[in-house]
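Visitor: Here it is: the structure, laid out below.
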Amino acid sequence: MTQSVIRAVDVCKSFGDLEVLRKVSFELNLGEVLCLIGPSGSGKSTLLRSIIELETIDSGGVYLEGELLGYRAQGGKLHRLSPSRAAKQRQHLAMVFQSFNLFPHMTVLDNVIIGLTVGRGVAPEVAKKRGLALLDRVGLAAKSGAYPRTLSGGQQQRVAIARAMAQDPRVILFDEPTSALDPELVGEVLEVIRDLASDGMTMMVVTHEMQFAHDVGDRLIVMDQGSIIEEGAPREVMANPVHERTKRFLGMMQIAG
């Protein structure tokens with residue numbers, strides 16, 4: 001029996017007159033890797049940012065293990081949670097961005113553990129032990145005292161993944177984690193995500209890496225113009241797309257059999 005971790009119900013979001021998300025509904029199950037693909041501007045990144053509340057949705061709702069994120073129901077109406085309560089909810093979610101978002105004035109280790117020491121009050125020595133273990137997992141233990149400017153883009157993104165893992169989240173959201181990398185650095189980042197998938201981490205991955213989605217994804221969502229237009233097992237969707245827009249999009253991509 002599958003266990004739903006994230007459930008989105010009719011999520012809508014507009015920026016002025018531009019509808020970015022149009023009644024988007026889906027479920028992400030425990031241990032599942034859900035890949036989101038589609039043309040640029042289709043709403044994929046906005047959907048992730050809405051889940052983690054970097055964007056405020058206009059209507060609909062997002063639930064984490066059955067709990068509505070960002071709101072409480074009272075008297076038949078929804079009321080925004082206090083900042084502290086909303087932040088506590090978000091502790092169960094982590095996000096890895098396109099552009100790494102590391103603090104340039106902090107060492108690699110300090111970047112990984114800042115959420116533990118400052119955000120959660122974990123003792124520095126305990127946090128450092130966990131941070132070093134995670135850096136070792138992503139192949140960067142030797143860089144713990146280095147600064148982000150001395151690292152390649154692939155190394156910086158692996159640090160960002162270690163930082164997300166340090167929070168021990170229920171779900172990690174990846175927003176095109178390889179899009180800012182030179183082609184030769186993409187593989188090292190995807191390998192870390194593959195490793196997380198093999199360990200059963202629940203993940204949503206916005207990606208243009210079709211082979212990765214084909215091989216690692218448990219389920220694939222195709223978005224276009226703010227809506228989900230197709231959904232299913234990656235191999236099935238890629239081999240036999242139903243929607244004409246999906247066919248055109250996949251036709252521009254290279255996917256091995």
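The values are calculated or read from the model by the stated rules, or taken from the named source; none is laboratory data. It should be emphasised that the depicted structure is a prediction, and the values quoted were computed from it without experimental measurement. Using ideal geometry, Cβ is built from the backbone for each residue, glycine included, and neighbour counts are taken over all protein chains shown. Areas reflect the complete protein model, heavy atoms only, side chains present, ligands, DNA and RNA absent. Shrake-Rupley method; radii C 1.70, N 1.55, O 1.52, S 1.80 Å.
Visitor: Take the residues of region 60-93 that are of a type in the set (Ser, Thr, Tyr) and surrounded by fewer than 13 Cβ atoms within 10 Å (Cβ to Cβ): which is farthest from Asp168 (Cα to Cα)?
Guide: Applying the first criterion (of a type in the set (Ser, Thr, Tyr)) to region 60-93 yields 63, 71, 82, 84.
Among the residues that remain, those that are also surrounded by fewer than 13 Cβ atoms within 10 Å (Cβ to Cβ) are: 82, 84.
Working: Ser82: 23, Ser84: 19 Å.
This residue is Ser82.
Visitor: Among the residues that make up region 140-147, is at least one of them among the aliphatic types (A, V, I, L, M), within 30 Å of Ser4 (Cβ to Cβ) and touching a residue at least 24 places away in the same chain (Cβ under 8 Å)? Lay out the reasoning, then the answer.
Guide: Step one: of region 140-147, the residues among the aliphatic types (A, V, I, L, M) are 140-142, 146.
Pick out the ones that are also within 30 Å of Ser4 (Cβ to Cβ) and you get none.
Checking region 140-147: not a single residue is among the aliphatic types (A, V, I, L, M), within 30 Å of Ser4 (Cβ to Cβ) and touching a residue at least 24 places away in the same chain (Cβ under 8 Å).
Visitor: Another question, then. Can you work out which of the residues in region 179-201 that are out of contact with any Gly (no Cβ under 6 Å at 6 or more places or on another chain) and open to solvent by less than 10 Å² (accessible area, probe 1.4 Å) is nearest to Leu30 (Cα to Cα)?
Guide: That would be Leu196.
Visitor: Across region 137-155, what is the total count of residues that are open to solvent by 70 Å² or more (accessible area, probe 1.4 Å) and closer than 17 Å to Ile193 by Cβ? Walk me through how you get there before you give the answer.
Guide: Initial filter on region 137-155 (open to solvent by 70 Å² or more (accessible area, probe 1.4 Å)): 137, 142-143, 147, 149-150.
If we keep only those that are closer than 17 Å to Ile193 by Cβ as well, we get 137.
Residues in region 137-155 being open to solvent by 70 Å² or more (accessible area, probe 1.4 Å) and closer than 17 Å to Ile193 by Cβ: 1 in total.
Visitor: Moving to a separate point now. Which ones in region 57-71 are free of Cβ contacts under 8 Å to residues at least 40 places away in the same chain and either of a type outside the set (Gly, Ala, Ser) or over 20 Å from Leu81 (Cα atoms) (or both)? Give the steps one after another, and end with the answer.
Guide: Keep residues of region 57-71 that are free of Cβ contacts under 8 Å to residues at least 40 places away in the same chain, which gives 67-71.
Correct list: Glu67, Leu68, Leu69, Tyr71.
Visitor: Being in a helix (DSSP H, G or I), of a type outside the set (S, T, N, Q), at negative phi and surrounded by fewer than 20 Cβ atoms within 10 Å (Cβ to Cβ) narrows it down to one residue among Glu231, Glu236; which is it? Walk me through it before giving the result.
Guide: Details: Glu231 fails: in a helix (DSSP H, G or I).
Answer to the check: Glu236.
Visitor: Inside region 98-127, can you point out the residues that are surrounded by fewer than 16 Cβ atoms within 10 Å (Cβ to Cβ), among the hydrophobic types (A, V, I, L, M, F, W, C) and closer than 20 Å to Pro177 by Cβ?
Guide: Answer for region 98-127, where residues must be surrounded by fewer than 16 Cβ atoms within 10 Å (Cβ to Cβ), among the hydrophobic types (A, V, I, L, M, F, W, C) and closer than 20 Å to Pro177 by Cβ: just Phe103.
Visitor: Among the strands (runs of 3 or more DSSP E) lying completely within region 31-102, list those that include at least 1 residues that are at pLDDT 90 or above and of a type in the set (Ser, Thr, Tyr). Walk me through it before giving the result.
Guide: On the way: elements: 33-37, 59-64, 71-74, 77-80, 93-96.
In region 31-102, the matching strands (runs of 3 or more DSSP E) lie at 59-64.
Visitor: So how many residues does region 30-49 have that are open to solvent by 10 Å² or more (accessible area, probe 1.4 Å), over 24 Å from Gly251 (Cβ atoms) and not acidic (Asp, Glu)?
Guide: 4
Visitor: Between a first residue in region 244-257 that is farther than 16 Å from Val216 by Cα and a second residue that is modelled with pLDDT of 90 or more and in a loop (DSSP other than H, G, I, E, B), which pairs have beta carbons less than 8 Å apart while being 6 or more apart in sequence or on different chains?
Guide: Partner pairs satisfying both residue conditions: Lys247/Pro241; Phe249/Gly38; Phe249/Pro39; Leu250/Pro241; Met253/His208.
Visitor: Residues Glu27, Glu19: which one is over 13 Å from the mean Cα position of the chain (by Cα), free of Cβ contacts under 8 Å to residues at least 60 places away in the same chain and surrounded by fewer than 23 Cβ atoms within 10 Å (Cβ to Cβ)? First the steps, then the outcome.
Guide: Numbers: Glu19 fails: free of Cβ contacts under 8 Å to residues at least 60 places away in the same chain.
None of the others qualify; the one that does is Glu27.
Visitor: Please state which of the following conditions Arg130 fails to meet, knowing it meets all the rest: (1) outside any helix (DSSP H, G or I); (2) open to solvent by 30 Å² or more (accessible area, probe 1.4 Å); (3) within 23 Å of Pro177 (Cβ to Cβ).
Guide: (1)
Visitor: Is there any pair linking a residue in region 203-230 that is more than 25 Å from Glu191 (Cβ to Cβ) to one that is assigned to a helix (DSSP H, G or I) and open to solvent by 30 Å² or more (accessible area, probe 1.4 Å), with Cβ under 6 Å and at least six apart or on different chains, and which?
Guide: Asp224/Arg245; Ile229/Arg245
Visitor: Just checking, does region 162-171 include any residue being at pLDDT 95 or above, closer than 25 Å to Pro39 by Cα and open to solvent by less than 30 Å² (accessible area, probe 1.4 Å)?
Guide: Within region 162-171 (the criterion being at pLDDT 95 or above, closer than 25 Å to Pro39 by Cα and open to solvent by less than 30 Å² (accessible area, probe 1.4 Å)), the answer is yes, since at least one residue qualifies.
Visitor: Determine whether Gly226 is open to solvent by less than 40 Å² (accessible area, probe 1.4 Å), in contact with a Cys (Cβ under 9 Å, 6 or more places away or on another chain) and over 16 Å from Gly139 (Cβ atoms).
Guide: Numbers: open to solvent by less than 40 Å² (accessible area, probe 1.4 Å): yes; in contact with a Cys (Cβ under 9 Å, 6 or more places away or on another chain): yes; over 16 Å from Gly139 (Cβ atoms): yes.
Spelling it out, Gly226 is indeed open to solvent by less than 40 Å² (accessible area, probe 1.4 Å), in contact with a Cys (Cβ under 9 Å, 6 or more places away or on another chain) and over 16 Å from Gly139 (Cβ atoms).
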